[in-house]
Amino acid sequence: MADNQLEAPKDEGKKKGGKLKWIILLVLLLGLLGGGGWFGYKYFFAKKADTAEGASAEGGQAAGEKAKEEAGKTEIVTLPTFVVNLADPLGRRYLKLTVDVEMADQKAAEELRGAEPKVRDAVILLLSSKTFADLSSVESKIMLKNEIVERLNQVVPGNKVLRVYFTEMVIQ
């Protein structure tokens, strides 16, 4: 019986020591996480906030004017809707496409509007050479956009056509 009494206090001491270890480990872990979070904030976010405040104080108006100038440089031209038969064997499919063209500047946009018959001819020939399989995937639509840009840059020389946006596309 004396042996049982001696062993019981030893077990309780081990349990308390185990809990104490977990508590110390938890406090250290929280301290490390808190310190790491503080360091991350100071290193990554505090400098950016200081830089942003300095930039807004020094050149906020200049940056806004520059953004307006860049936005004003390009011009969007909406082309009339194209409806063409696709080059499918049965000839029962057609494509209806409306396109917006982003031009380098207003002068280039006027050149594109002036050459509208040539533009329509180039785009219609390109579209009517495509099959449904050629236009079914997203990658093929992106390739079609690039091909239209190339064709339009041949009509309006000087790489003045920047991008083409599909605003309506129906394949039936």
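The values are calculated or read from the model by the stated rules, or taken from the named source; none is laboratory data. Keep in mind that what you see is a predicted model, and the values were worked out from it rather than measured. Neighbour counts are summed over all protein chains in view; Cβ atoms, including those assigned to glycine, are modelled from backbone coordinates with ideal geometry.
For the range 151-171, check the following and say yes or no: at least one residue is modelled with pLDDT under 95 and more than 24 Å from residue 75 (Cα to Cα).
Yes; the residues of the range 151-171 include at least one that is modelled with pLDDT under 95 and more than 24 Å from residue 75 (Cα to Cα).
Restricting attention to helices (runs of 4 or more DSSP H) lying wholly within the range 76-172, give those where 3 or more residues are surrounded by fewer than 16 Cβ atoms within 10 Å (Cβ to Cβ) and polar (S, T, N, Q).
Working: elements: 106-114, 116-128, 132-135, 138-155.
Answer list for the range 76-172: 138-155.
Search the range 127-172 for residues being of a type in the set (Phe, Trp, Tyr) and closer than 19 Å to residue 80 by Cβ, and hand back the single one that is farthest from the chain's Cα centre (by Cα).
That would be 166.
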